[in-house]
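Take a look at the structure below.
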Amino acid sequence: MLYRLEAGPRPDLEDVQGRKVAERVRAALGIAVGSIRLVKVFTADGLDETQARRLLDDGVWHDPILQRAALGTLPPLAPPPDWYVEVGFRPGVTDNEGRTARDTAAMVLGIPRERLAVYTALQYRIRNDPAAPLSHGQVETMARDLLCNTLIQRFRIKSAAEWEAEADFPAQAARVTGEARADVAVIPLSTMNDAELAAASRANTWALNLDELHAIRDHFARPDIAAARAARGLPADPTDVEMEALAQTWSEHCKHKIFASAIDYANKETGRRERVDNLYKTCIRDATAILRARRGERDYCKSVFKDNAGVIAFINGYDACIKVETHNSPSALDPYGGALTGIVGVNRDPMGTGMGAELVCNTDVFCFASPFYAEELPPRLLHPRRVLEGVREGVEHGGNKSGIPTVNGSLVFDERYLGKPLVFCGTVGLLPTSVCGRPGWEKKAEPGDAVVMV
């Protein structure tokens, strides 16, 4: 049975987060709202009523000093809201807060956490501006364009009348209901024409172009490969599992195909044309090699292009360890999650460089379209203000709240970033020049070593 626990600020306390959401609705969407109050919703699967009541009475999922809570519906404050919007994750999307709530409940109740599932959602209780009552269309615009990222979340809307008639939202668990299947399909590449190959790539989200698909087909057609597969009882054509593995390995995220490609560049202003063979090698790796050669014995690079982050000589027995990376597309799709993943990733990398660097600070550069963009958005694009605020919050939560201060950065605004923002996240660490008599910037796993993950 599903149990819902709802928690929100006490009536005598200001709902600061709700006020911030209302301000964002007014500023970003130009929609007048009176006020918004937030209610946190926990939906538990795997409890009995006594256990659910204990979680409420003991304040396991809420703060009894600052919040009021209820099993089922948390009674609305007077005057009651005019609209209710509830936003939760889609099935299969990682719900970190739900996992933490599950583990905490399992520990308090003394039950195996494997038998319990918890799903979180956020409910927005919206009051009209008396001078401009909201329509259902305006509320749906608020939900779709600001409160919910439909790529990873879903929302439900109720008017006050619907709420009264149906008494709250029914409990809903974001379960993945599809059944696991062990059968393996064979992809008949050898008999597919170009149109069929392209269609298969689109349908299966392989993101492989025709040249790549031809290369894969030609590989499986080689006599030595065919003979080796036959000897192992494998089909001549690749299986769907093999195609997924190849598509993942050749993806832009893993392979950086654009960086590695030959690019014909034309400067439209001057007419100059240039062919760049591999941006990474030409503009990054080779440029670094040229600078190092010019410095000769004064070269300060200790470790470049071979570990998790770069290391350069610094001062007083320490080297500087620096890592910067982009999270552009992830931040365009999910600003908060994309930016948080980016900053946490570059926090991780200096710790894994050499013998391990101590993290000192973060830096960032963000490039967005204007947060005051007022024209119609192209399909599937988030409003620039929402991207900006999500990215900022993601970097704050992933970096500053981990105890690593963001000490500098830059904000750039240009309408051309509407289609794709640029999100650069960086971390600087200090690495001892020598650790136990060994160079601090070098490491090599040897047989018999103990590997410790912290």
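Just so you know, all these numbers are worked out from the coordinates, no wet-lab data involved. From a predicted model like this one, the values you see are computed outputs, not experimental measurements. We place every Cβ from the backbone using ideal geometry, glycine too, and count neighbours over all the protein chains shown.
In this rough spin-label picture, where each label sits 7 Å from Cα along the Cβ direction, the Ala173-Asp414 distance is 5.0 nm. What the Cβ-Cβ distance of Ser402 and Ile312 gives, at R0 = 22 Å and to the nearest 0.05, is a FRET efficiency of 0.40.
Here Val423, Val344, Val452 are placed in order of increasing Cβ neighbour count within 10 Å, fewest first, which gives Val452, Val344, Val423.
Within segment 185-205, find all residues whose amide N lies under 13 Å from a label point positioned 7 Å from the Cα of Leu234 along Cα-to-beta-carbon. Once the point is set 7 Å along Cα→Cβ of Leu234, 187 turn out to lie under 13 Å by backbone N, inside segment 185-205.
Ranking Asn328, Ile126, Ala198 by Cα position along the charge dipole of the chain, where only Lys, Arg, Asp and Glu carry charges on their C-beta atoms, puts Asn328 farthest toward the positive end. Shape summary: segment 324-432 maps onto an equivalent ellipsoid whose semi-axes, from the alpha-carbon gyration tensor, are 29, 12, 11 Å in decreasing order. Applying the Karplus relation 6.51 cos²θ - 1.76 cosθ + 1.60 with θ = phi - 60° to segment 137-146 yields 3J(HN,Hα) values of x, 5, 5, 5, 4, 4, 5, 6, 9, 9 Hz, where x marks Gly and Pro.
Using only side-chain charges placed at the Cβ, +1 for Lys and Arg and -1 for Asp and Glu, the dipole size of segment 75-142 relative to its Cα centre rounds to 240 debye. If I take R0 = 45 Å and measure r between the Cβ atoms of Glu166 and Met453 in this structure, what FRET efficiency does the formula 1/(1 + (r/R0)^6) give, to the nearest 0.05? Rounded to the nearest 0.05, the efficiency is 0.40. The magnitude of the dipole of the chain, with charges of +1 and -1 set on the Cβ of Lys/Arg and Asp/Glu and taken from the Cα centre, is near 900 debye. By the equivalent-ellipsoid construction on the alpha carbon gyration tensor, segment 189-255 comes out with semi-axes of 21, 14, 10 Å, ordered largest to smallest.
According to the Cα-based calculation, Rg over Rh for segment 257-299 is 1.16, with Rh computed by the Kirkwood formula.
How large is the direction-averaged shadow of the alpha-carbon convex hull of the chain, in nm²?
32.0
Spin-label model, Leu333/Cys254: points 7 Å from Cα along the beta carbon direction are separated by 1.5 nm. For the chain, lysine pairs with C-alpha atoms less than 17 angstrom apart, excluding pairs fewer than eight positions apart on the same chain, total 12. Figure legend: label point modelled 7 angstrom from the Cα of Asp264 along Cα→Cβ; residues of segment 198-213 with amide N under 20 Å from it are 209-212.
Taking 16 Å as the cut-off, the amide N atoms of segment 1-15 that come nearer than this to a point 7 Å along the Cα-to-beta-carbon line of Asp63 belong to 7-15. For segment 45-103, the orientation-averaged shadow of the C-alpha convex hull comes to 5.6 nm² (one quarter of the hull surface). Scanning residues 5 or more positions from His383 or on other chains, none has an amide H under 5 Å from its amide H, with H placed 1.01 Å from N in the peptide plane. Dividing the helix sum by the residues of the chain, where each DSSP H run of 4 or more adds -39500 (n - 2.57), gives a mean residue ellipticity at 222 nm of -9000 deg cm²/dmol. Extension gain, Met1 to Glu442, is 153.3 nm, computed as 0.36 nm per intervening residue step minus the present C-alpha separation. Counting Lys +1, Arg +1, Asp -1, Glu -1, what net charge surrounds Val25 among other residues with beta carbon under 15 Å of its beta carbon? Computed value for this residue: +3.
Taking the number of Cβ atoms within 10 Å of each Cβ as an exposure proxy, the fewest-first ranking of Ile216, Ile263 is Ile263, Ile216. Farthest towards the positive end of the charge dipole of the chain, among the residues Ser261, Leu189, Cys436, is the Cα of Cys436, using unit charges on the Cβ of Lys, Arg, Asp and Glu.
Projecting each Cα onto the charge dipole of the chain (Lys/Arg +1, Asp/Glu -1 at the beta carbon, about the Cα centre), which of Val87, Ala160, Pro384 comes out farthest on the positive side? Towards the positive end, the residue furthest out is Pro384.
Shown for Thr94, Thr120: other C-beta atoms within 10 Å of each C-beta, ranked fewest to most, produce the order Thr94, Thr120.
Can you pull a Stokes-Einstein diffusion coefficient for segment 1-160 at 25 °C (0.890 mPa s), Rh from Kirkwood over Cα pairs, as a whole number of µm²/s?
In µm²/s, the coefficient rounds to 148.
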